[in-house]
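First comes the structure, then the notes that go with it.
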Amino acid sequence: MGTAVAPTLTSRLWFKVLAGIAVVLLALLLLAAFFPWDLLRGPINRYVSDKTGREFAITRHLDVKLGRTTRVIMDGLEFANPDWAQDRHLVKADGAEVEVRLWPLLFKREIVLPSIRLTRPQLGLQIEPDGRRTWALGGDTKDESNVPYIGALVTDEGSIHYVAKEQGADIRAQVAMDRQSPPAGTADAAAAMPMRFKAQGRWREEAFDAEGRTGDVLYL
């Protein structure tokens, strides 16, 4: 009788342990799904501003979809440039969706952003001969470890200002997605390159003016 009871008690114990783990995991999943992320908007704004030494603000709404690659969805985004830059903002956009790889961030202190989607952004990108760049996210903008890896940058329409003195570059570009049906016979080209751009400024200290079409994904 004793040998028959022990396995039964052990099975019941394991069942309770597994059931408890399942309940905890379910509770965590529900918490992640329904957590009021907007409560963290103020603390996140202050933390990023303090760490970078420039103003960062999610202005209207914040949502997060947790996973190995987490999606951070921001309604209204403003991130100032360093005070030495020409443009006031690194990015100012009506909306942004940023993918963040959690493993490198938590364990290697590396910022890996596979994809950034921006809605009607204004971008101010500048790099100086001494290595300072506006898209470095730490206080020291010359430190390579503060420069995030950015995969695809996707936008619908907006403006980009790029300054690189060492390249003799000062370029302003306007980009916009086609929202109308293309003329007959051009559908394939428009589908492959749906974004129109106009750019002007200086490259290698030579003035230029250009316009054309490109895909909706920019790789940095």
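For region 178-192, what are the residues that are surrounded by 12 or more Cβ atoms within 10 Å (Cβ to Cβ) and either acidic (Asp, Glu) or modelled with pLDDT of 80 or more (or both)?
Asp178
Check Leu30, Leu26, Leu39 and return the single one that is modelled with pLDDT of 85 or more, loosely packed, with under 12 Cβ neighbours inside 10 Å and more than 25 Å from Phe107 (Cα to Cα).
So the residue among Leu30, Leu26, Leu39 that is modelled with pLDDT of 85 or more, loosely packed, with under 12 Cβ neighbours inside 10 Å and more than 25 Å from Phe107 (Cα to Cα) is Leu39.
Restricting the search to region 100-138, which residues are buried (at least 17 other Cβ atoms within 10 Å of the Cβ), in a strand (DSSP E or B) and either touching a helix residue (DSSP H, G or I) at 6+ places or on another chain (Cβ under 7 Å) or touching a residue at least 40 places away in the same chain (Cβ under 8 Å) (or both)?
The answer is Val112, Leu118, Gly124, Gln126.
Looking only at residues in region 52-98 that are in contact with a His (Cβ under 9 Å, 6 or more places away or on another chain) and within 22 Å of Ala164 (Cα to Cα), which one is most open to solvent (accessible area, probe 1.4 Å)?
So the residue we want is Gln86.
For region 77-100, which positions are over 17 Å from Val154 (Cβ atoms), among the acidic types (Asp, Glu) and in contact with a strand residue (DSSP E or B) (Cβ under 9 Å, 6 or more places away or on another chain)?
Across region 77-100, the qualifying residues are Glu78, Asp87.
The values are calculated or read from the model by the stated rules, or taken from the named source; none is laboratory data. The shown structure was predicted, so the numbers you read here are calculated from the model rather than taken from an experiment. Every residue, glycine among them, receives a Cβ derived from its backbone with ideal geometry; neighbour counts consider all protein chains shown. To get the accessible areas, we keep the full protein, side chains included, count just its heavy atoms, and leave off ligands, DNA and RNA. Shrake-Rupley method; radii C 1.70, N 1.55, O 1.52, S 1.80 Å.
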